[in-house]
Amino acid sequence: MAMRQTPLTCSGHTRPVVDLAFSGITPYGYFLISACKGAGQHLPRLEGQRYGKPMLRQGDTGDWIGTFLGHKGAVWGATLNKDATKAATAAADFTAKVWDAVSGDELMTLAHKHIVKTVDFTQDSNYLLTGGQDKLLRIYDLNRPEAEPKEISGHTSGIKKALWCSEDKQILSADDKTVRLWDHATMTEVKSLNFNMSVSSMEYIPEGEILVITYGRSIAFHSAVSLDPIKSFEAPATINSASLHPEKEFLVAGGEDFKLYKYDYNSGEELESYKGHFGPIHCVRFSPDGELYASGSEDGTLRLWQTVVGKTYGLWKCVLPEEDSGELAKPKIGFPETTEEELEEIASENSDCIYSSTPDVKA
């Protein structure tokens with residue numbers, strides 16, 4: 001019986017969502033942070049909505065937890081540490097910021113000389129890696145915020161993404177058309193990959209040391225240790241982001257045609273495609289348990305999608321129709337042991353209404 005995908009829509013951002021990241025699984029579940037780039041060149045700069053405001057949510061339901069206030073420019077990158085106790089953001093105001101993800105308090109501001117695009121914590125949360133328009137990688141010791149960061153030069157254009165890999169022994173970074181692998185101890189380049197078009201995204205999978213790179217319509221998989229190619233797929237449209245399922249069964253991708261595509265990782269077969277956004281998709285990521293994936297779009301929304309449609313999980317509860325009704329089975333957003341009226345109310349609240357405006361307070 002066919003099942004219809006029913007995404008959860010998380011409104012609240014007033015401008016395009018350009019980055020998102022999940023925490024690891026904690027005793028309180030897992031969490032989701034998103035970055036919003038603020039008013040664009042041709043968009044009105046409304047009072048109170050001028051700057052991008054990173055938002056923290058419960059990962060499995062999309063419920064808003066808090067908004068990190070303090071940046072004075074578009075926020076291009078956001079991440080959480082493994083246990084979701086700290087957040088880091090990268091912004092156009094020439095700063096990266098580290099936040100207490102429990103209280104929402106700003107812990108430190110790291111000044112840069114140009115726009116910062118990417119941030120990433122080490123596994124122990126003691127160091128922060130940053131990259132941006134000044135073409136430099138910086139490593140900050142968060143226990144010594146007054147100390148100057150270590151710097152790695154070598155990129156020839158602005159850095160879009162920088163990630164720790166191989167248990168923090170190496171660093172992966174991407175600029176416009178180049179992906180580079182660096183040795184952390186010696187601060188030297190190990191290898192680089194060159195592309196004939198702009199690299200749009202990069203994801204690192206620790207289990208199996210896999211690097212996912214998107215450029216044009218291509219979704220390419222490389223060894224994160226050697227940068228050797230593993231396999232690649234071609235999508236029907238320009239892809240801005242792709243994510244590999246934790247168990248490496250599926251991958252999802254989204255881009256310029258507003259659609260999300262789901263592929264079988266082993267065969268490359270397209271399994272599903274959905275048009276749920278009203279603008280290009282900028283970022284997609286699987287949750288740490290692989291039960292859902294999140295997408296962020298030019299339309300200013302985050303959406304959560306089930307990996308296996310119809311499974312009871314989070315706010316989704318599979319309700320099968322009467323056998324003779326002829327309707328397609330579809331997952332209903334709700335909680336077990338609630339009435340039909342309560343289910344409808346919860347579904348409404350957790351799609352648009354609950355996030356119709358962003359509470360302007362810290363987490």
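The table below lists the values:
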| item | result |
| --- | --- |
| Nearby lysines by direct alpha-carbon distance to K169 (threshold 19 angstrom, same-chain neighbours under 8 apart not counted) | K82, K150, K161, K191 |
| The range 203-309 - percent of accessible surface contributed by carbon and sulfur, probe 1.4 Å | 49 |
| Equivalent ellipsoid semi-axes - Cα gyration tensor, the range 203-309, angstrom | 21, 15, 12 |
| Amide H contacts under 5 Å for V199, placed H, 5+ residues apart | K177, T178 |
| Accessible area of the range 203-309 divided out per residue, in Å², using a probe of 1.4 angstrom | 34 |
| Simple label model, 7 Å out from Cα along Cβ direction - K191 to S232, nm | 1.5 |
| Summed residue charge, Cβ within 11 Å of V75's Cβ, Lys/Arg positive, Asp/Glu negative | +4 |
| Surrounding net charge for E167, when Lys and Arg each add one and Asp and Glu each subtract one, Cβ distance under 14 Å | -4 |
| In the range 138-191, trypsin sites (Lys or Arg not before Pro) in a DSSP loop with at most 13 other beta-carbon atoms within 10 Å | K169 |
| Formal net charge of residues neighbouring R180 (Cβ-Cβ distance under 14 Å; K, R +1; D, E -1) | +1 |
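The values are calculated or read from the model by the stated rules, or taken from the named source; none is laboratory data. Not measured: the values here are computed from a predicted model. Positions of Cβ are generated from backbone atoms using ideal geometry, with glycine treated the same way; all protein chains shown enter the neighbour counts. The protein model used for the area step is the full one, side chains on, heavy atoms only, and it has no ligands, DNA or RNA in it. Shrake-Rupley method; radii C 1.70, N 1.55, O 1.52, S 1.80 Å.
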